[in-house]
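Notes for the one structure printed next.
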Amino acid sequence: MKVADSQKLRIIVVSPTNHFVFTPMLASASVGTVEYRSMTEAVRAANPMIHDYIEGKATSLDVNTKTVTVQLNNLLTTTTKQEELPPTIDIPYDHLVVSVGSRVDDKNVPGAREYALRLKTTDDARALRTAVGECFEYASRPDVSRETTPEAQAEKTRRITFLIAGGGPTGVELAGELCDLFSDITRPHKGSYPKLANNTRVILAHGGPQLVPQFEEPLREQALQSLRNKGVQVFLNTRVTEVTDKSATLSIKQFDQDTGRVLQDRQELTIPVGLTVWCAGTAPAEFCQKLLQQLPEEARNPDGRIKVDPWMRPPMKDPSLLGSVLVLGDAAAQAKGDVEHPDWLLPSTAQVAGQQGAYVARNLCRNYNLTTTPPALMVPDEYTPSMMLSGGIMELPQPSTVKSTDNDVFYDPALSNWLYFRGLEKAPPFTFLNLGMLAYLGGGEALSQVQVGDTPVVSEAGSVGFFLWRSVYLVKQVATRNRVLVTFDWFKSALFGRDTTRL
């Protein structure tokens, strides 16, 4: 939306959420380090020149008629005048950009969907922040706070024991933020809950042998050591197999002490918890399955995502429809382009999705014919692209329209000549530029792996990594307004502590 030229493209945005959010900071919002509105931007404000924004959920589509069916959101729910069942509308399109993201994958774990919270959206962060506050207030009730029996003390500890399932960047950052919150609100004389200082527990369960496997080996070790130094109980090679309202069951992989070989039997451990947060894995959104039903079988990746070519196009049953649907972000399964490992896919990260979104916007604005491979510029027959000569003046015809497969597309001869001059008469394939990864560990420590492509630039942990983490996260905010608000929130939290009110 930010890169696309709204004067050339008639952009209609469909989303059930009326804002964009800087998802890497959801962990910070869930404990009050920053406020929700500081890291969100309204869809209509992101690009005020778009044709329309429709608050609703795309429920189905027809790729042959190029139509998307949208169930509008139910509005006026907080007023005295209740809206009747909102209508369902059909929206025609020329190009459909599918950027529906992914959902939390917890369907195979009994109780996870009913009793575990998530950290995927702003609503998730708000619910988690409320739940954390309720857990502390629940542990402060007289039935356990005034009793000195071992049973009462164990129950008090259970109520503020937090289990995090998943040791990726989201789980690790949430563990670090929770440690910061506990340190803040249990301070003697200043914190809201000083009597609970010895009862708080954070447990992190990760299915792999190392935390944050996306990072380099030394940073993974430092992440594990840093969290354990802060009191986080880390279980590696461990799956969460069941969640209830008061406990969780862990399945821990066992190894032969002499050979290191994995044993068949796993250790089952049930631990009392007050709150479980599910950060272990994602699955494709429901809309991806609706789209895959209308695509050839080769479009389905084994994990349920949609396979796309280097121009973000999934294969189509009708070759003339190639390029009418473009898939990007977590919904897309795109090969890295590695000759030695052709099956390796780009990671499902915000960095990949952002670059893909800008790439798709540029291709649409440049008026490439997406039905050809590679996509080439569409130029009317009466126009011949001029090449700029040294010392010469290029005379350009007036803007016009050019007929594509079934649409009139605005043709800009100045842009066409500029693209020919740069050798971009054919769309280059998408290439991902890896700029590194960041993760907060709590206590003013962070992991910072900064690189340009395959060239490492900085690999730091601790306070230096924390400085880089905050600098990059500040720059990456969706708007200048958000940078100012996030900076203010950081200062406010450092000076006055975190707000423990529940609204």
| query | Quick one: how many residues across region 73-112 are open to solvent by less than 70 Å² (accessible area, probe 1.4 Å), within 25 Å of residue 11 (Cβ to Cβ) and of a type in the set (Ser, Thr, Tyr)? | reply | 2
| task | Test each condition in (1) without any contact (Cβ under 8 Å) to a residue 40 or more places away in the chain; (2) open to solvent by 10 Å² or more (accessible area, probe 1.4 Å) for residue 157 and report the one that comes out false. | result | (1)
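Take region 168-190 and flag every residue that is assigned to a loop (DSSP other than H, G, I, E, B) and within 16 Å of residue 231 (Cβ to Cβ).
Within region 168-190, 186, 187 qualify.
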| remark: Note on region 198-227: residues open to solvent by 10 Å² or more (accessible area, probe 1.4 Å), farther than 15 Å from residue 441 by Cα and among the hydrophobic types (A, V, I, L, M, F, W, C) are none
| field | Residue, least open to solvent (accessible area, probe 1.4 Å), within region 114-143, restricted to residues that are part of a helix (DSSP H, G or I) and of a type in the set (Ser, Thr, Tyr) | value | 122
| task | Return a yes/no flag: does region 486-500 have any residue that is open to solvent by less than 70 Å² (accessible area, probe 1.4 Å), more than 22 Å from residue 193 (Cα to Cα) and at pLDDT below 90. | result | no
| said: Just to verify a result, which residue in region 440-455, among those that are over 19 Å from residue 179 (Cβ atoms) and without any contact (Cβ under 8 Å) to a residue 24 or more places away in the chain, is most open to solvent (accessible area, probe 1.4 Å)? | reply: 454
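Kindly indicate which of 272, 302 is open to solvent by 50 Å² or more (accessible area, probe 1.4 Å), of a type outside the set (Asp, Glu) and modelled with pLDDT of 95 or more. Please lay out each step first, then the result.
Values: 302 fails: modelled with pLDDT of 95 or more.
Testing whether each residue is open to solvent by 50 Å² or more (accessible area, probe 1.4 Å), of a type outside the set (Asp, Glu) and modelled with pLDDT of 95 or more leaves just 272.
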| message | Within region 280-299, does at least one residue satisfy the condition of being open to solvent by less than 60 Å² (accessible area, probe 1.4 Å) and at positive phi? | response | yes
| task | Give me the pairs, please: first residue somewhere in region 221-248 and aliphatic (A, V, I, L, M), second residue anywhere and open to solvent by 30 Å² or more (accessible area, probe 1.4 Å) and outside any loop (DSSP other than H, G, I, E, B), beta-carbon distance under 7 Å, and either six or more positions apart or on two chains. | result | 234/228; 243/115; 248/242
| request: Looking only at region 358-366, decide whether some residue is of a type in the set (D, E, K, R) and either open to solvent by 50 Å² or more (accessible area, probe 1.4 Å) or at positive phi (or both). | output: yes
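How about region 9-32: which of its residues are part of a loop (DSSP other than H, G, I, E, B), touching a residue at least 40 places away in the same chain (Cβ under 8 Å) and open to solvent by 10 Å² or more (accessible area, probe 1.4 Å)?
Going residue by residue through region 9-32, those that are part of a loop (DSSP other than H, G, I, E, B) are 9-11, 16-18, 22, 30-32.
Narrowing further to those that are touching a residue at least 40 places away in the same chain (Cβ under 8 Å): 9-11, 16-17, 22, 30-32.
9, 10, 11, 16, 17, 22, listed by residue number.
Determine which member of the set 450, 458, 472 is closer than 17 Å to residue 214 by Cβ, part of a helix (DSSP H, G or I) and in contact with a strand residue (DSSP E or B) (Cβ under 8 Å, 6 or more places away or on another chain).
Values: 450 fails: part of a helix (DSSP H, G or I); 458 fails: part of a helix (DSSP H, G or I).
Of 450, 458, 472, the one residue that is closer than 17 Å to residue 214 by Cβ, part of a helix (DSSP H, G or I) and in contact with a strand residue (DSSP E or B) (Cβ under 8 Å, 6 or more places away or on another chain) is 472.
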| said: What's the total number of residues in region 333-367 that are among the aliphatic types (A, V, I, L, M) and touching a Pro at 6+ places or on another chain (Cβ under 8 Å)? | reply: 2
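The values are calculated or read from the model by the stated rules, or taken from the named source; none is laboratory data. Keep in mind that what you see is a predicted model, and the values were worked out from it rather than measured. Every residue, glycine as well, gets a Cβ built from its backbone with ideal geometry; the counts of neighbours run over all protein chains shown. These area figures cover heavy atoms from the full protein model, side chains too; ligands, DNA and RNA do not enter into them. Shrake-Rupley method; radii C 1.70, N 1.55, O 1.52, S 1.80 Å.
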